[in-house]
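Trainee: I am attaching a structure below and will ask some questions about it afterwards.
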Amino acid sequence: MLTLHASDSSAVALFQRTHAQLATLLPEAISIEHVGSTAVPGLAGKGIVDIVIGLADEQRLNDAAAILTRHGYYAARDAAKRTDRVFMASRQEETGPGDIHLHLVLQPSTTYDGFIALRDYLCEHPQIAADYYEAKQRFAKQSAYDRETYKTLKGEYVSELLKKALEWRKRPSNGH
């Protein structure tokens, strides 16, 4: 059952603690960034801390997944069997508030750029973030709070947001 939670500063503290752990476990990581709803001030979401970890090549990505598995994270390749991304979670069962989702991706890559661009775009545009929250509420109701249906409904909306975020990021005035 899906529930949306108000923005909570404890997510930032959890990210900071997890970042320190990940930096020790994965010294070859190019970057470790807080992304997703909990990284955007005021944006409600499922309460899960999403972290994108940039790695230089597929070997380092697979090595990082193995290290994280040994330290209590659970790995699953994306359904499309992508080689440029590994998804991991802090729990094997359905995750919820206070859990951690890790997205191990190649850096540089459009996947990595998308995570960062969307976060930065929503942080810089509070009204768009507020509209996104309203859309999330609508999708939750439409899906009868079924998590999988919600993700499907939200997917097209996020794809459009991502396009806008990537275009915004390309503009020289944004310093990116």
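Trainee: Please go through segment 41-57 and give me each residue that is under 11 Å from the mean Cα position of the chain (by Cα) and assigned to a strand (DSSP E or B), ordered by number.
Mentor: Answer for segment 41-57, where residues must be under 11 Å from the mean Cα position of the chain (by Cα) and assigned to a strand (DSSP E or B): VAL49, ASP50, ILE51, VAL52, ILE53.
Trainee: I'd like the residue in segment 21-44 that is in contact with a His (Cβ under 9 Å, 6 or more places away or on another chain) and aliphatic (A, V, I, L, M) and, out of all such residues, is modelled with the lowest pLDDT.
Mentor: Looking at the filtered set, the residue picked out is ALA44.
Trainee: Out of ALA130, ALA135, ALA65, ALA140, I need the residue that is more than 21 Å from ALA39 (Cβ to Cβ), in a helix (DSSP H, G or I) and open to solvent by less than 50 Å² (accessible area, probe 1.4 Å). Which one?
Mentor: Of ALA130, ALA135, ALA65, ALA140, the one residue that is more than 21 Å from ALA39 (Cβ to Cβ), in a helix (DSSP H, G or I) and open to solvent by less than 50 Å² (accessible area, probe 1.4 Å) is ALA65.
Trainee: Give just the number: which of (1) farther than 30 Å from ASN174 by Cα; (2) touching a His at 6+ places or on another chain (Cβ under 8 Å); (3) not in a strand (DSSP E or B) does ASP120 not satisfy?
Mentor: (1)
Trainee: Against the condition under 30 Å from ASP63 (Cα atoms), hydroxyl-bearing (Ser, Thr, Tyr), out of contact with any His (no Cβ under 7 Å at 6 or more places or on another chain) and surrounded by 15 or more Cβ atoms within 10 Å (Cβ to Cβ), how does THR149 come out, does it pass?
Mentor: no
Trainee: Take the residues in segment 11-36 that are in contact (Cβ under 8 Å) with a residue 60 or more places away in the chain and not aliphatic (A, V, I, L, M); name whichever of them is surrounded by the fewest Cβ atoms within 10 Å (Cβ to Cβ).
Mentor: It comes out as SER31.
Trainee: Does THR95 qualify as being more than 14 Å from the chain's Cα centre (by Cα) and hydroxyl-bearing (Ser, Thr, Tyr)?
Mentor: no
Trainee: Within segment 83-106, can one find any residue that is in a helix (DSSP H, G or I) and surrounded by 15 or more Cβ atoms within 10 Å (Cβ to Cβ)?
Mentor: The answer is no, given that none of the residues of segment 83-106 is in a helix (DSSP H, G or I) and surrounded by 15 or more Cβ atoms within 10 Å (Cβ to Cβ).
Trainee: Within segment 74-82, is even one residue in contact (Cβ under 8 Å) with a residue 40 or more places away in the chain and either of a type in the set (A, V, I, L, M, F, W, C) or not in a strand (DSSP E or B) (or both)?
Mentor: So far as segment 74-82 goes, no, none of its residues is in contact (Cβ under 8 Å) with a residue 40 or more places away in the chain and either of a type in the set (A, V, I, L, M, F, W, C) or not in a strand (DSSP E or B) (or both).
Trainee: Filter segment 107-127 down to the residues that are open to solvent by less than 40 Å² (accessible area, probe 1.4 Å), without any contact (Cβ under 8 Å) to a residue 60 or more places away in the chain and touching a helix residue (DSSP H, G or I) at 6+ places or on another chain (Cβ under 9 Å), then identify the one that is farthest from LEU61 (Cα to Cα).
Mentor: TYR121
Trainee: Out of all the residues in segment 152-176, which are loosely packed, with under 14 Cβ neighbours inside 10 Å and closer than 19 Å to ASP131 by Cβ?
Mentor: Passing the criteria: GLY155, GLU156, SER159, GLU160, LYS163, GLU167.
The values are calculated or read from the model by the stated rules, or taken from the named source; none is laboratory data. All figures in this text were calculated on a predicted structure; none of them were measured in a lab. Reconstructed Cβ throughout: ideal geometry from the backbone, glycine too, with neighbour counts over all protein chains shown. To get the accessible areas, we keep the full protein, side chains included, count just its heavy atoms, and leave off ligands, DNA and RNA. Shrake-Rupley method; radii C 1.70, N 1.55, O 1.52, S 1.80 Å.
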